[in-house]
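What follows is one structure encoded as structure tokens, with my remarks underneath.
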There are 2 protein chains.
Amino acid sequence: MKIAIVGAGAMGSRYGYMLHESGNEVFLIDAWKAHVDIINNEGLTIEENGKCKKVKIPAMLPEDAKEVPDLIILFTKSMGLESMLKSVKNVLGKHTRVLCLLNGLGHNETIEKYVDNKNILMGVTLWTAGLAGPGHVVLSGDGSLEVQNIDPNTEVEAREICDILSQAGLKAHYSADVLFSIWRKACVNGTLNSCCTILDCNIREFGELKEAPKLIRNIIKEFSDIAAKYGVKLNVEEVAKGIEKIYDPSQAGEHHPSMHQDLIQNHRLTEIDYINGYVSRKGKEFNINTQCNDLLTTIVHAKEQLLVK
Amino acid sequence: MKIAIVGAGAMGSRYGYMLHESGNEVFLIDAWKAHVDIINNEGLTIEENGKCKKVKIPAMLPEDAKEVPDLIILFTKSMGLESMLKSVKNVLGKHTRVLCLLNGLGHNETIEKYVDNKNILMGVTLWTAGLAGPGHVVLSGDGSLEVQNIDPNTEVEAREICDILSQAGLKAHYSADVLFSIWRKACVNGTLNSCCTILDCNIREFGELKEAPKLIRNIIKEFSDIAAKYGVKLNVEEVAKGIEKIYDPSQAGEHHPSMHQDLIQNHRLTEIDYINGYVSRKGKEFNINTQCNDLLTTIVHAKEQLLVK
């Protein structure tokens, strides 16, 4: 299958590499020129268990992409999705499936502006990957992903794509309710990412706070009120208990969430508008009280203005 | 007049010194032993315009205070008020007037547990003072204060106390609505103190944020909803505009609010429970929406747990 990875950072490179190894015709599309150039000149460096190897996979800038693939896997940053979709318009063929594996909420609404519903697949991935520098991806740990079609008539095609992904070792499962998984993952990010960023602490430290139990439930409650509008039933207590398991240092406790890494450590803009900010916007739209997420979004945006130069 | 300053930190020492100089019999009561000892052994050092002088004013720990004064001026930290009132119970005479000049909200409710209504005076002071070390107070700038009786029948006595204070150069004005001034000052603290603490910025930086205008109005709106329950009418827009004047670097713009100094700079507990936290508690009591202040209070308490060892 001809597969384009659109947004070939750490995770996109992992997927691209694994799909390439299993015999697909893969190309990487990314807006970071240094990254694209190194991959083309020296190959994509794959580091796994301390060993490096170089793999020849074509890479290109969005404006240079011309070939229409069978499948596009979207792995951009949330705030880069729409401009990327505009840039790669030429490679969005009539039959090109588009699988969105971005974190966050509302991406289907953005994609629907550029892609026919019947071609859209939504997914949630539990794989991880890191980038050691341009053209150099570090792989560790195990993962899996869930995939589902948006159009109820395209389940067969979605299952086929799951097979392609699983043949590459990516452990893809067809999901009957991927939206639920997307919302549940957004609750994890909407509590731990924003709170650890605002409080400048790691996940274990956050979990030890007296205020944490009530605070995460207040946040999740508002997520669940908005999710309900999309037919997704989130049980606040169940989601909260799931998050509380992550506090354990043997889980992700000693880890600073990605938003903390972005804003506090690296002074980069965050994905807040696609997590708490999405809930906040939809609250206004549906006239539902989302004051907790309104204020968390406001504080993170304020911190962005103070820290991102 | 025999006057006890209860809580003789920077501001209490300023008031004690000025009232002593104008001929009153002043004694200082404070729980900080090193401070009390130095004042008794070497005198209270008054630094003004770069010059120091030592003034002999008796100082004592709360448990050593025996003499009943005509007037007590309260200048403790908010969270120390109740335990201090318990400690000085013996000097609260039947006719001792008690003037509360603490920052924050709800102190009258605490004082009413220990002092007869007719003896309570509430005030707001615009004086400033700093402490360079135990027994060493630094005075600069000009100020004034407003004073009012709680019991409508004791206006005459309140005016007499204003006279005593003004004779000491403290520029005391009798106020017909001191509660309004207390709430308006609490709005300044409830916006700038908590926001600059959570965002780790100074007042000018806060004022430059895109989010600041809406954020302070949301906070003040909830203050005004609670204030209304006490017969205090706060005009949100007017209060907000008053706060926005302070952003100017020629005003307090380059200044970090006291809560930032306490928590972020010195890792000390804050007065949040007597500012935003008071509004939040009263919101629950009156079933009024104060979600913005609820969350700000939660975040500051969480930061206290992370920073105060």
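The values are calculated or read from the model by the stated rules, or taken from the named source; none is laboratory data. Because the structure is a prediction, the values reported are computed rather than measured. Cβ sites come from the backbone with ideal geometry, for glycine too, and all protein chains shown count toward neighbours. Ligands, DNA and RNA are excluded from the accessible area calculation, which covers all protein heavy atoms including side chains. Shrake-Rupley method; radii C 1.70, N 1.55, O 1.52, S 1.80 Å.
So the values come out like this:
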item	result
Breaking point among (1) within 14 Å of chain B (Cβ to nearest Cβ); (2) within 24 Å of A:Glu205 (Cβ to Cβ); (3) open to solvent by 10 Å² or more (accessible area, probe 1.4 Å), for A:Asp294	(2)
Among (1) surrounded by fewer than 23 Cβ atoms within 10 Å (Cβ to Cβ); (2) more than 14 Å from chain A (Cβ to nearest Cβ), the one test that B:Glu304 misses	(2)
Qualifying positions in the range A:124-139 - farther than 16 Å from A:Ser258 by Cα and surrounded by fewer than 14 Cβ atoms within 10 Å (Cβ to Cβ)	A:Gly133
Test: B:Pro152 is open to solvent by 50 Å² or more (accessible area, probe 1.4 Å) and within 14 Å of chain A (Cβ to nearest Cβ)	no
Index of the failed condition, A:Lys118 passing every other in (1) out of contact with any Gly (no Cβ under 6 Å at 6 or more places or on another chain); (2) within 19 Å of A:Gly12 (Cβ to Cβ); (3) open to solvent by 50 Å² or more (accessible area, probe 1.4 Å)	(2)
Unmet criterion (only one of (1) out of contact with any helix residue (DSSP H, G or I) (no Cβ under 6 Å at 6 or more places or on another chain); (2) β-branched (Val, Ile, Thr); (3) within 14 Å of chain B (Cβ to nearest Cβ)) for A:Thr191	(1)
Where A:Ile216 falls short, out of the listed (1) open to solvent by 10 Å² or more (accessible area, probe 1.4 Å); (2) within 14 Å of chain B (Cβ to nearest Cβ); (3) not acidic (Asp, Glu)	(1)
All helices (runs of 4 or more DSSP H) inside the range B:205-309 with 1 or more residues being farther than 30 Å from A:Glu208 by Cβ	B:212-229, B:236-246, B:276-286
Test set (1) free of Cβ contacts under 8 Å to residues at least 12 places away in the same chain; (2) in a loop (DSSP other than H, G, I, E, B) - B:Glu109 fails condition number	(2)
Subset of the range B:64-105 [open to solvent by 10 Å² or more (accessible area, probe 1.4 Å) and assigned to a strand (DSSP E or B)]	B:Arg97
Pair list, Cβ < 7 Å and 6+ apart or interchain, from the range B:33-50 residues that are open to solvent by less than 50 Å² (accessible area, probe 1.4 Å) to residues that are in a helix (DSSP H, G or I)	B:Leu44/B:Ser13; B:Leu44/B:Tyr17; B:Ile46/B:Tyr17
So A:Ile182, is it open to solvent by less than 30 Å² (accessible area, probe 1.4 Å), at pLDDT 95 or above and within 14 Å of chain B (Cβ to nearest Cβ)	no
Residue within the range B:235-243 that is in contact (Cβ under 8 Å) with a residue 12 or more places away in the chain, open to solvent by less than 30 Å² (accessible area, probe 1.4 Å) and within 14 Å of chain A (Cβ to nearest Cβ) present	no
Counted residues, the range B:167-177 - those being surrounded by 15 or more Cβ atoms within 10 Å (Cβ to Cβ) and either modelled with pLDDT under 95 or closer than 17 Å to B:Met11 by Cβ (or both)	4
Boolean, A:Lys309 is open to solvent by 10 Å² or more (accessible area, probe 1.4 Å), free of Cβ contacts under 8 Å to residues at least 60 places away in the same chain, more than 14 Å from chain B (Cβ to nearest Cβ) and of a type in the set (Lys, Arg)	no
The range A:194-213: number of residues that are among the hydrophobic types (A, V, I, L, M, F, W, C), more than 20 Å from A:Asp273 (Cβ to Cβ) and more than 10 Å from chain B (Cβ to nearest Cβ)	1
Sole residue being of a type in the set (D, E, K, R) and over 30 Å from B:Leu307 (Cα atoms), chosen from B:Lys214, B:Lys241	B:Lys241
Lone unmet requirement of (1) within 30 Å of B:Thr45 (Cβ to Cβ); (2) open to solvent by less than 50 Å² (accessible area, probe 1.4 Å); (3) in the same structural domain as B:Gly16 (by the TED database); (4) in contact (Cβ under 8 Å) with a residue 24 or more places away in the chain for B:Asn193	(3)
Residues of the range B:219-234 satisfying the condition of being within 14 Å of chain A (Cβ to nearest Cβ) and of a type in the set (D, E, K, R)	B:Lys221, B:Glu222, B:Asp225
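Each row is one residue, and each column tells you yes or no for (1) outside the structural domain of B:His255 (by the TED database); (2) farther than 24 Å from B:Gly93 by Cα.
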{"residue": "B:Pro134", "(1), (2)": "yes, yes"}
{"residue": "B:Gly141", "(1), (2)": "yes, yes"}
{"residue": "B:Leu165", "(1), (2)": "yes, no"}
{"residue": "B:Lys185", "(1), (2)": "no, yes"}
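Every residue, every condition in (1) farther than 20 Å from B:Leu179 by Cα; (2) without any contact (Cβ under 8 Å) to a residue 60 or more places away in the chain; (3) not assigned by the TED database to the domain that holds B:Glu160, yes or no:
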site: B:Glu21; (1), (2), (3): yes, no, no
site: B:Ile72; (1), (2), (3): no, no, no
site: B:Lys77; (1), (2), (3): no, no, no
site: B:Asn103; (1), (2), (3): no, no, no
site: B:Val115; (1), (2), (3): no, yes, no
site: B:Lys118; (1), (2), (3): no, yes, no
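Conditions (1) within 14 Å of chain B (Cβ to nearest Cβ); (2) in contact (Cβ under 8 Å) with a residue 40 or more places away in the chain; (3) surrounded by fewer than 18 Cβ atoms within 10 Å (Cβ to Cβ), marked per residue:
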{"site": "A:Asn266", "(1), (2), (3)": "no, no, yes"}
{"site": "A:Asp273", "(1), (2), (3)": "yes, yes, no"}
{"site": "A:Tyr278", "(1), (2), (3)": "no, yes, no"}
{"site": "A:Phe286", "(1), (2), (3)": "no, yes, yes"}
{"site": "A:Asn289", "(1), (2), (3)": "yes, yes, yes"}
{"site": "A:Thr298", "(1), (2), (3)": "yes, no, no"}
